[in-house]
């Protein structure tokens, strides 16, 4: 079967707002024996970032791979990942220590310099300017609307507060290639059903030709069930983001998710101008929301996972907004870069919505975290 599976991020409530980086679903989660342990305690021969949580090591490795353009086997022996037989593994440790020293001595410990600062996706950093070198052009700063105005336009664009509040549940069906295999690099076709019920209940079911998996948020805990019936809880950071972002009426309460929100500027998203709103959650890294300057709709959301070697980015684009038949619009096309917040950086995933049913009858019992199947314990 698959070694790893990171399921799709959710389309949240009435906004169709994908909880990218918020409801970070997982199919296997952190093994029980890993919980509470550092990378140095759980893994063999981790020397530089040995004090980070063991559950965070994989994402740090994914980020290094994406930043340098190298494969895992460039540094690691395929049969024994703990071996130091490859010279580049020793070199990589030196580079990691160098980056840490730069940040400590030059940036007061802030994680300003990362592998990507120099490598930019290439094994060999570019040391000579690429010609021709253009002079910077000063651009006039546009007059930007306040945050409250942008958020109000977003609600209106979706159908308005009155129409949104009339809906208390939603069932979405569609298709997606699930990111499976090592690092989420193997796409597996699946049909998906996503159930939402106010105030904050979510259930996702994924059917492939070989197995069915599921995940959800029961109002308290973000969980997942793999193909063998094993049930695990999400990591601590993902739990916090799930609690913050699972609001069924997220578009109406978006400002309450952040301790601070400010309009940063205007950028192009898929050929359209978008206001960039930076929201900083309490005790979490800033997130960037891109709202179409013409339609008011959300076009993109960017989040990131903190790792020992830098921020691991995650971006979701929303397109093809349609009225569900209830006077409220949701995106029927969602593209994730990478395929999920905890996969490698290269794979992408696309959700194509085929049907949306608002105010579907959904029993609360459907959203209860399932018990692990007995067969999983054998």
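The values are calculated or read from the model by the stated rules, or taken from the named source; none is laboratory data. The structure presented is a predicted model; accordingly, all values stated were derived computationally and were not measured. Cβ placement follows ideal geometry from the backbone for every residue including glycine, while neighbour counts extend to all protein chains displayed.
Of all residues in the range 78-119, those being at positive phi and either in contact with a helix residue (DSSP H, G or I) (Cβ under 7 Å, 6 or more places away or on another chain) or touching a residue at least 24 places away in the same chain (Cβ under 8 Å) (or both) number 1.
Scanning the range 294-323 for residues that are touching a helix residue (DSSP H, G or I) at 6+ places or on another chain (Cβ under 9 Å) and outside any strand (DSSP E or B), we see that the one that is surrounded by the most Cβ atoms within 10 Å (Cβ to Cβ) is 309.
Tell me the residue from 59, 111 that is in contact with a strand residue (DSSP E or B) (Cβ under 7 Å, 6 or more places away or on another chain) and crowded, with 19+ Cβ neighbours inside 10 Å, please.
Working: 111 fails: crowded, with 19+ Cβ neighbours inside 10 Å.
After ruling out the rest, the residue left standing is 59.
Among the residues of the range 341-355, is there at least one that is within 28 Å of residue 198 (Cβ to Cβ), surrounded by fewer than 18 Cβ atoms within 10 Å (Cβ to Cβ), within 17 Å of the chain's Cα centre (by Cα) and at pLDDT 90 or above? Among the residues of the range 341-355, at least one is within 28 Å of residue 198 (Cβ to Cβ), surrounded by fewer than 18 Cβ atoms within 10 Å (Cβ to Cβ), within 17 Å of the chain's Cα centre (by Cα) and at pLDDT 90 or above, which makes the answer yes. For the range 73-95, the tally of residues that are closer than 20 Å to residue 182 by Cα and not in a helix (DSSP H, G or I) stands at 8. A count restricted to the range 244-272 and to residues that are under 21 Å from residue 336 (Cα atoms), out of contact with any strand residue (DSSP E or B) (no Cβ under 6 Å at 6 or more places or on another chain), outside any loop (DSSP other than H, G, I, E, B) and without any contact (Cβ under 8 Å) to a residue 60 or more places away in the chain stands at 1. Condition first: touching a residue at least 12 places away in the same chain (Cβ under 8 Å) and either in contact with a helix residue (DSSP H, G or I) (Cβ under 6 Å, 6 or more places away or on another chain) or in a loop (DSSP other than H, G, I, E, B) (or both). Now tell me which residues in the range 283-293 satisfy that. Answer for the range 283-293, where residues must be touching a residue at least 12 places away in the same chain (Cβ under 8 Å) and either in contact with a helix residue (DSSP H, G or I) (Cβ under 6 Å, 6 or more places away or on another chain) or in a loop (DSSP other than H, G, I, E, B) (or both): 283, 284, 285, 291, 293. Considering every residue within the range 225-239, establish whether at least one is closer than 18 Å to residue 363 by Cβ, assigned to a loop (DSSP other than H, G, I, E, B), in contact (Cβ under 8 Å) with a residue 60 or more places away in the chain and touching a helix residue (DSSP H, G or I) at 6+ places or on another chain (Cβ under 9 Å). No, every residue in the range 225-239 fails to be closer than 18 Å to residue 363 by Cβ, assigned to a loop (DSSP other than H, G, I, E, B), in contact (Cβ under 8 Å) with a residue 60 or more places away in the chain and touching a helix residue (DSSP H, G or I) at 6+ places or on another chain (Cβ under 9 Å).
Residues being closer than 17 Å to residue 202 by Cβ and either in a loop (DSSP other than H, G, I, E, B) or without any contact (Cβ under 8 Å) to a residue 12 or more places away in the chain (or both) are represented in the range 325-344 by at least one member. The single condition among (1) over 19 Å from residue 331 (Cβ atoms); (2) surrounded by 17 or more Cβ atoms within 10 Å (Cβ to Cβ); (3) at pLDDT 95 or above that residue 172 does not satisfy is (1). Examine the range 123-139 for a residue that is over 15 Å from residue 330 (Cβ atoms) and touching a strand residue (DSSP E or B) at 6+ places or on another chain (Cβ under 9 Å), and state whether such a residue exists. Taking every residue of the range 123-139 in turn, none turns out to be over 15 Å from residue 330 (Cβ atoms) and touching a strand residue (DSSP E or B) at 6+ places or on another chain (Cβ under 9 Å).
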